[in-house]
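Asker: Take a look at this one; I'll ask things after.
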Amino acid sequence: MSSLDAQLIRNFCIIAHIDHGKSTLADRMLVKTGVVDQRTMRDQYLDRMDIERERGITIKSQAVRMPWTVGDQEYTLNMIDTPGHVDFSYEVSRSLAACEGAVLLVDAAQGIEAQTLANLYLALEGDLDIIPVLNKIDLPAAQPDKYAEELAHLIGGSPDDCLRVSGKTGQGVAELLDDIVRQVTPPAGDADAPARALIFDSVYDSYRGVVTYVRVVDGHLSARERIAMMSTKASHELLEIGVISPEPTPTAGLAVGEVGYLITGVKDVRQSRVGDTVTGSTRPAQEALAGYRDPKPMVFSGLYPIDGSDYPALRDALDKLKLNDAAFTYEPETSAALGFGFRCGFLGLLHLEIIRERLEREFGLDLISTAPNVVYEVTLDDGSVYQVTNPSEFPVGKIASVREPIVRATILTPSEFTGAIMDLCQSRRGAMLGMDYLSQDRLELRYILPLAEIVFDFFDQLKSRTKGYASLDYEPDGTAEADLVKVDVLLQGEQVDAFSAIVHKDKAYAYGVMMVGRLRKLIPRQQFEVPIQAAIGSRVIARENVRALRKDVLAKCYGGDITRKRKLLEKQKEGKKRMKTIGRVEIPQEAFIAALASDVDSPK
Amino acid sequence: MAPPFQIYVHVPFCARRCGYCDFNTYVAGPERRRAFVNHALAELEMAGAELDAAGSLRSVVNNHAPTVLTPGSGMLTSGNAAVGAAPTLASRFIHRLARRPAQSVFFGGGTPTLLSAVELARLVGAVRRIFGIAPGAEVTVEANPDTIGPVYLETLAAAGFTRLSLGMQSAVPRILAALDRSHDPARLPEVVRAAAQAGLDVSVDLIYGTPGESLADWEASLRAALDLGVRHISAYALSLEPHTPMARRIAAGQLAAIDPDQQAEKYELADRLFQGAGLHWYEISNWSRPGCESRHNLGYWTGADWRGIGPGAHSSMAAERWWNVKSPVAYGRALEAGRSPKAGGERLDQAALALERVMLRLRTARGLDLAALSDSGRAAVPDLVAEGLVRVVAPSDRSAAACPGGAEAGEAGFATQASPDVSGGGTPGGVPRLVLTRRGRLLADLVTRQLV
């Protein structure tokens, strides 16, 4: 098959907030273009994983090729799906880089949200053609006029340019497809130059190995040719090349502007990284496409099996997940409190939650995770520098300085909550960069915030202080020096590693009091008094006591009581295996879980 | 030699249900109570026949290894369904399944004295006829102080009862009301006197830690009990059983919660006052004059065989444990149809037997032979000693005393003949024993968990 004329190709993505109906609209397009028939339509065809489907979000983007005729001319539309969450902003930027146009999809009942805005800015930076679309116009609560105005204000142009569709009923979808053909610039590239294709996604498939999604920028990739990854210099034979429409279909090759997939037989997505450039081995390109970045975990958490004997199963599961997730890292660690586990690195909190949920659901593991933390860069007086990913490994001794990652955060909110949000950001060591009105009653606030503060229940707080109306987006913005200390928690003088935390000096006391109070309620009374302390170094900042247990005896033990008591003892003996011992203090694992849970539950 | 054999008869009736109680007991009229007596008599007959069947099969067991005894069903089953150790257990324990005289009989409830004295006498008579009652055996009936008078007590004594266990609970009317107990505490001395006149030994039961009970209330009850001059007192911490009206009222905030620390204080007060009055501690919740321990209850903690009669009653013969259906109606229906009222059962393996041994012996003043502990259990001992929860007692040959009032006790020898496991004393040439300290008694379950 000869390659398509690039003039007849339109590559676009849909930028939308979770719940704004992107998947439904995408499904509609698949049906309208005849790629999928109504009958076999799975709901949300593009979101393959269960978790994604349940959460209504897209983690892994994919690309579908659809034919669409305007006038007498048939065009090829490539719809590139984008991940919809803040943790995956780099992946989003690569998906955008594979397109010339973006459909900016906004719920006509809710208006634009912070993440959508952030992605819109990315698209504008990438010089994409933006097609503003209001979705869900069938809803009674829809206010299309209001939000058309808001969109016009954001991207310029008139509110009338804003298309109005309903993914649910199909209204306006054909017009949108026409508009994509008319408004999105066709791809431009040098067909005779050495091949360069941008990897915008890479997915591990247990049958086929890694499936790499690419957009060809220059030149041509052919089946059976040898290709090279420009960042790693690794070369592979192309076992298969093709397009998705909607199932993978092998082709002879991919030319300028085309979007499709490659299979080389590699087994690990790290060998086929998002953002990397694919070129031909025989005539390699000299220069890679711009914008490649090594994925770097930003948030760390210890994952431990509740049942210690599940440790090998956890390790196997992590090995498997890693194949499909280049940003996810882990290494073994041991905790006195929690036993054997792994310190895992994630792009962000959602990424953490997703991995955790997959481990529990797909691999049937019961896990405890420690409170998430960021990476600290600690410089000692002697000039040595440490990267600390686990608070309990925070160096003791003469610390010259500590740097922590900071982010640039964008918060969109109805104007009535501005004060509440400013208070929140203030209490989280935020520095305001600016604020703008999106419309009469909607505001964009921009802050510099320590990532550590966002990791600690910021999102929950934001939602609860704004009745759920505010939305948040953030992107890494380097590191900053801060006055940070390590707070340890001690039981009977023994440090409990799982509860150590690095906090700002001004908040150390509050953290100590909170943790100590929480543990006092959770630790069962022992035959001796158990002091619980929070300390910075050797300085105790908070203390509570679990009083000694005085009475633990069955009053009557006759006849049938004997059998019942023995069975209870047998059960308790079993339960004792799940007890963790800190010093001489026996603590049921449930207490650890409860003590850790209130921090981890926040990023929903 | 076989350990003592004893019989428990559960009388599942009360005049009213008390708010704290979750025992298997019902409010029922005289016809149902009469019917129960007939059912209990039928079960006693059945129990005797079962033991005969099992006892006569000693030779069979010895010759055919894979034979399993299930005395609860009165049958022998053969086959491979049994656990591997069963033949050994069976041949080891077979002599314990033969019919032999009861060393003690105990009527509990419920309120056994809701039955007429004649009905109780019939039941004791049946035990004597079917199993025999050993000379000097202890025959106890639990009683509610407001249901009995002198004639009733004399009838019981004449029928062979030797001991009365009175549910005194408290001397404070407000606390009795909180427990739904209707008796007049002022009647206690009179009942105790009448019982003594009838020749019955008397024990009283007390409950501490009732919501609203002050330390002074408890002390008043303790002194009132001691003033009765009884030779045996049981003092039980009120334990809140789920699904009782009291548990619901506490959950709803209508009653004060039970404070275990205060219960501990009350226990210590009781122990001090009792020991000061010459009542020695011999089990977690029991104190007596030397030699006046309840031999029936000691049997539960020192490995006796016990056969329970009545709805929901549990039986334990050698390694077999089984229990009857709880409902008196289902119980009666089974017996009327000539079927066993057994609802379920299990065979205890060596591990379960060992666990029970630690759990039960540790409750007693005689304590637990160190030799009965596993290696890991023994390893826990030094810490427990250091924490003041247990002490290790050297073997001694102090012999058991006889109860001064119950003159027969010494002769017939539950204490001396059948089981050496009575209060205080040690075994001649025995091994060191582990005995709970006063603080350890209050943490007996915790200590047990560390020893098993």
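Asker: For residues that are within 30 Å of A:Gly397 (Cβ to Cβ) and more than 37 Å from the chain's Cα centre (by Cα), scanning just the stretch A:505-539, find the one that is farthest from the other protein chains (Cβ to nearest Cβ).
Answerer: Of everything passing the filter in the stretch A:505-539, A:Arg539 is farthest from the other protein chains (Cβ to nearest Cβ).
Asker: Of the conditions (1) at the interface with chain A (Cβ under 10 Å from one of its Cβ atoms); (2) under 21 Å from B:Leu215 (Cα atoms); (3) of a type outside the set (Val, Ile, Thr); (4) open to solvent by 10 Å² or more (accessible area, probe 1.4 Å), B:Leu269 clears all except one; give me its number.
Answerer: Only one criterion is unmet by B:Leu269, namely (1).
Asker: Okay, next question. Assuming B:Gly160 fulfils every condition listed in (1) modelled with pLDDT of 95 or more; (2) crowded, with 17+ Cβ neighbours inside 10 Å apart from one, which condition is it?
Answerer: (2)
Asker: Spot the failing condition for A:Ile130; the list is (1) in a strand (DSSP E or B); (2) open to solvent by 40 Å² or more (accessible area, probe 1.4 Å), and only one is missed.
Answerer: (2)
Asker: Within the group B:Tyr300, B:Tyr331, B:Tyr282, which residue is touching a helix residue (DSSP H, G or I) at 6+ places or on another chain (Cβ under 9 Å) and within 11 Å of another protein chain (Cβ to nearest Cβ)?
Answerer: B:Tyr300
Asker: Sticking with this one: Cβ-Cβ distance below 6 Å, separation of 6 or more or different chains: which pairs start in the stretch A:172-186 with a residue that is open to solvent by 10 Å² or more (accessible area, probe 1.4 Å) and end on one that is in a loop (DSSP other than H, G, I, E, B) and among the aliphatic types (A, V, I, L, M)?
Answerer: A:Gly172/A:Val165
Asker: Could you tell me whether any residue of the stretch B:354-370 is within 11 Å of chain A (Cβ to nearest Cβ), open to solvent by 20 Å² or more (accessible area, probe 1.4 Å) and farther than 28 Å from A:Leu549 by Cβ?
Answerer: Pass one, the stretch B:354-370, residues within 11 Å of chain A (Cβ to nearest Cβ): B:354-360, B:362-364.
With the extra rule that they be open to solvent by 20 Å² or more (accessible area, probe 1.4 Å), the set shrinks to B:354, B:357.
Then drop every residue that is not farther than 28 Å from A:Leu549 by Cβ, which leaves none.
The answer is no, given that none of the residues of the stretch B:354-370 is within 11 Å of chain A (Cβ to nearest Cβ), open to solvent by 20 Å² or more (accessible area, probe 1.4 Å) and farther than 28 Å from A:Leu549 by Cβ.
Asker: Within the stretch A:567-583, does at least one residue satisfy the condition of being open to solvent by less than 10 Å² (accessible area, probe 1.4 Å), away from chain B (no Cβ under 14 Å) and in contact (Cβ under 8 Å) with a residue 60 or more places away in the chain? Explain how you work it out, then say what you get.
Answerer: Filtering the stretch A:567-583 down to residues open to solvent by less than 10 Å² (accessible area, probe 1.4 Å) leaves A:569, A:582.
Filter once more, keeping what is away from chain B (no Cβ under 14 Å): A:582.
When the remaining residues are screened for being in contact (Cβ under 8 Å) with a residue 60 or more places away in the chain, the result is A:582.
There is at least one residue in the stretch A:567-583 that is open to solvent by less than 10 Å² (accessible area, probe 1.4 Å), away from chain B (no Cβ under 14 Å) and in contact (Cβ under 8 Å) with a residue 60 or more places away in the chain.
Asker: Here is a follow-up. So, in the stretch A:149-180, exactly how many residues are in a helix (DSSP H, G or I) and either more than 14 Å from A:Asp107 (Cα to Cα) or touching a Leu at 6+ places or on another chain (Cβ under 6 Å) (or both)? Steps first, answer last, please.
Answerer: Filtering the stretch A:149-180 for residues in a helix (DSSP H, G or I) gives A:149-155, A:159-161, A:173-180.
With either more than 14 Å from A:Asp107 (Cα to Cα) or touching a Leu at 6+ places or on another chain (Cβ under 6 Å) (or both) added as a condition, the list becomes A:150, A:152-155, A:159-161, A:173-180.
The total comes to 16.
Asker: Here is a follow-up. Any idea which of (1) away from every other protein chain (no Cβ under 11 Å); (2) open to solvent by 10 Å² or more (accessible area, probe 1.4 Å); (3) among the polar types (S, T, N, Q) is the one B:Ser288 doesn't satisfy?
Answerer: Of (1) away from every other protein chain (no Cβ under 11 Å); (2) open to solvent by 10 Å² or more (accessible area, probe 1.4 Å); (3) among the polar types (S, T, N, Q), only one is false for B:Ser288: (2).
Asker: Could you tell me whether B:Lys326 is open to solvent by 10 Å² or more (accessible area, probe 1.4 Å) and within 11 Å of chain A (Cβ to nearest Cβ)? Reasoning before the result, please.
Answerer: Values: open to solvent by 10 Å² or more (accessible area, probe 1.4 Å): yes; within 11 Å of chain A (Cβ to nearest Cβ): yes.
Judged against the criteria, B:Lys326 is a match.
Asker: For the stretch B:188-211, check the following and say yes or no: at least one residue is out of contact with any Ser or Thr (no Cβ under 9 Å at 6 or more places or on another chain), open to solvent by 20 Å² or more (accessible area, probe 1.4 Å) and not in a helix (DSSP H, G or I). Walk me through how you get there before you give the answer.
Answerer: The initial filter retains those residues of the stretch B:188-211 that are out of contact with any Ser or Thr (no Cβ under 9 Å at 6 or more places or on another chain), namely B:188-197, B:211.
Filter once more, keeping what is open to solvent by 20 Å² or more (accessible area, probe 1.4 Å): B:189-190, B:193, B:196-197.
Narrowing further to those that are not in a helix (DSSP H, G or I): none.
For the stretch B:188-211, residues out of contact with any Ser or Thr (no Cβ under 9 Å at 6 or more places or on another chain), open to solvent by 20 Å² or more (accessible area, probe 1.4 Å) and not in a helix (DSSP H, G or I): absent.
Asker: Here's a follow-up. Out of A:Ile502, A:Ile532, which single residue is modelled with pLDDT of 95 or more and crowded, with 22+ Cβ neighbours inside 10 Å? Before the answer, list the steps.
Answerer: On the way: A:Ile502 fails: modelled with pLDDT of 95 or more.
None of the others qualify; the one that does is A:Ile532.
Asker: Read through the list (1) closer than 22 Å to B:Ala216 by Cα; (2) away from chain A (no Cβ under 14 Å); (3) open to solvent by less than 10 Å² (accessible area, probe 1.4 Å); (4) over 20 Å from the mean Cα position of the chain (by Cα), then give the number of the only condition that B:Ala277 fails.
Answerer: Unmet condition: (3).
Asker: For the stretch B:193-233, name all the residues that are among the basic types (Lys, Arg) and within 23 Å of the chain's Cα centre (by Cα). Quick ask: steps written out before the conclusion?
Answerer: Let us first name the residues in the stretch B:193-233 that are among the basic types (Lys, Arg), namely B:193, B:223, B:231.
B:Arg231 - this is the single residue of the stretch B:193-233 that is among the basic types (Lys, Arg) and within 23 Å of the chain's Cα centre (by Cα).
Table: residues versus (1) free of Cβ contacts under 8 Å to residues at least 40 places away in the same chain; (2) open to solvent by 10 Å² or more (accessible area, probe 1.4 Å); (3) out of contact with any Cys (no Cβ under 8 Å at 6 or more places or on another chain).
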{"site": "A:Lys146", "(1), (2), (3)": "no, yes, yes"}
{"site": "A:Leu151", "(1), (2), (3)": "no, no, no"}
{"site": "A:Ser206", "(1), (2), (3)": "yes, yes, yes"}
{"site": "A:Ser222", "(1), (2), (3)": "yes, yes, yes"}
{"site": "A:Arg226", "(1), (2), (3)": "no, yes, yes"}
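Asker: For residues that are open to solvent by less than 50 Å² (accessible area, probe 1.4 Å), of a type outside the set (A, V, I, L, M, F, W, C) and part of a loop (DSSP other than H, G, I, E, B), scanning just the stretch A:367-382, find the one that is farthest from A:Glu91 (Cα to Cα). Give the steps one after another, and end with the answer.
Answerer: Our first condition is that a residue be open to solvent by less than 50 Å² (accessible area, probe 1.4 Å); within the stretch A:367-382, this holds for A:367-376, A:378-380.
Within this subset, residues satisfying the condition of being of a type outside the set (A, V, I, L, M, F, W, C) are A:369-370, A:372-373, A:376, A:379.
Next cut, part of a loop (DSSP other than H, G, I, E, B) only: A:370, A:372.
Working: A:Thr370: 27, A:Pro372: 22 Å.
Looking at the filtered set, the residue picked out is A:Thr370.
Asker: Has the stretch B:311-321 got at least one residue that is open to solvent by 10 Å² or more (accessible area, probe 1.4 Å) and away from every other protein chain (no Cβ under 11 Å)?
Answerer: Within the stretch B:311-321, one or more residues are open to solvent by 10 Å² or more (accessible area, probe 1.4 Å) and away from every other protein chain (no Cβ under 11 Å).
Asker: Further question on the same structure: Looking at the stretch B:371-384, is at least one residue in contact with a strand residue (DSSP E or B) (Cβ under 6 Å, 6 or more places away or on another chain) and open to solvent by 10 Å² or more (accessible area, probe 1.4 Å)?
Answerer: Going residue by residue through the stretch B:371-384, those that are in contact with a strand residue (DSSP E or B) (Cβ under 6 Å, 6 or more places away or on another chain) are B:384.
Imposing the further condition that a residue be open to solvent by 10 Å² or more (accessible area, probe 1.4 Å) reduces the set to none.
No; the residues of the stretch B:371-384 include none that is in contact with a strand residue (DSSP E or B) (Cβ under 6 Å, 6 or more places away or on another chain) and open to solvent by 10 Å² or more (accessible area, probe 1.4 Å).
Asker: Still on this structure, I have one more. Could you list, in sequence order, all residues of the stretch A:215-248 that are within 14 Å of A:Val266 (Cβ to Cβ) and among the aliphatic types (A, V, I, L, M)?
Answerer: The answer is A:Ile227, A:Ala228, A:Met229, A:Ala234, A:Leu238, A:Leu239.
Asker: Which residues, counting only those in the stretch A:188-202, are aliphatic (A, V, I, L, M) and either closer than 15 Å to A:Ile9 by Cβ or modelled with pLDDT under 85 (or both)? Break it down into steps so the answer makes sense when it comes.
Answerer: Kept after step one, since they are aliphatic (A, V, I, L, M), are these residues of the stretch A:188-202: A:188, A:191, A:193, A:195, A:197-199.
Within the stretch A:188-202, A:Ala188, A:Ala191, A:Ala197, A:Leu198 qualify.
Asker: Across the stretch B:22-40, what is the total count of residues that are open to solvent by 30 Å² or more (accessible area, probe 1.4 Å) and either of a type outside the set (Phe, Trp, Tyr) or not in a loop (DSSP other than H, G, I, E, B) (or both)? Talk me through it step by step, then tell me what you get.
Answerer: First pass over the stretch B:22-40, keeping only residues open to solvent by 30 Å² or more (accessible area, probe 1.4 Å): B:22-23, B:26-27, B:29-35, B:38.
With the extra rule that they be either of a type outside the set (Phe, Trp, Tyr) or not in a loop (DSSP other than H, G, I, E, B) (or both), the set shrinks to B:22, B:26-27, B:29-35, B:38.
Of the residues in that region, 11 qualify.
Asker: Right, something else. Please determine, by comparing only the residues of the stretch A:544-566 that are out of contact with any helix residue (DSSP H, G or I) (no Cβ under 9 Å at 6 or more places or on another chain) and open to solvent by 40 Å² or more (accessible area, probe 1.4 Å), which one is nearest to the other protein chains (Cβ to nearest Cβ).
Answerer: The selected residue is A:Lys556.
Asker: Follow-up question, since we're still on this one. Are there any strands (runs of 3 or more DSSP E) wholly within the stretch A:250-366 with 3 or more residues that are exposed (fewer than 15 other Cβ atoms within 10 Å of the Cβ), and if so which? Before the answer, list the steps.
Answerer: On the way: elements: A:259-263, A:277-280, A:299-305, A:329-335, A:339-346.
Where strands (runs of 3 or more DSSP E) fall fully within the stretch A:250-366 and carry at least 3 residues being exposed (fewer than 15 other Cβ atoms within 10 Å of the Cβ), they are A:329-335.
Quick grid of which residues meet (1) within 25 Å of the chain's Cα centre (by Cα); (2) closer than 22 Å to A:Thr370 by Cα; (3) surrounded by 22 or more Cβ atoms within 10 Å (Cβ to Cβ):
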residue	(1), (2), (3)
A:Val396	no, yes, no
A:Ser401	no, no, no
A:Ile406	yes, yes, yes
A:Thr418	no, no, no
A:Met435	no, no, no
A:Leu451	yes, yes, yes
A:Phe458	yes, yes, yes
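Asker: Please give the number of the condition A:Asp310 fails out of (1) within 22 Å of the chain's Cα centre (by Cα); (2) more than 21 Å from A:Glu475 (Cα to Cα).
Answerer: Of the numbered conditions (1) within 22 Å of the chain's Cα centre (by Cα); (2) more than 21 Å from A:Glu475 (Cα to Cα), the odd one out for A:Asp310 is (1).
Asker: Considering only strands (runs of 3 or more DSSP E) fully contained in the stretch A:464-507, which possess at least 2 residues that are within 30 Å of A:Ile582 (Cβ to Cβ)? I'd like the intermediate steps shown before the answer.
Answerer: On the way: elements: A:471-481, A:484-491, A:501-504.
Result: A:484-491, A:501-504.
The values are calculated or read from the model by the stated rules, or taken from the named source; none is laboratory data. Just so you know, these numbers come straight off a predicted model, no measurement behind them. Methodologically, a virtual Cβ is constructed for each residue, glycine included, from the backbone with ideal geometry; neighbour enumeration extends over all protein chains shown. We work out accessible area using only protein heavy atoms, side chains counted, and drop any ligands, DNA or RNA first. Shrake-Rupley method; radii C 1.70, N 1.55, O 1.52, S 1.80 Å.
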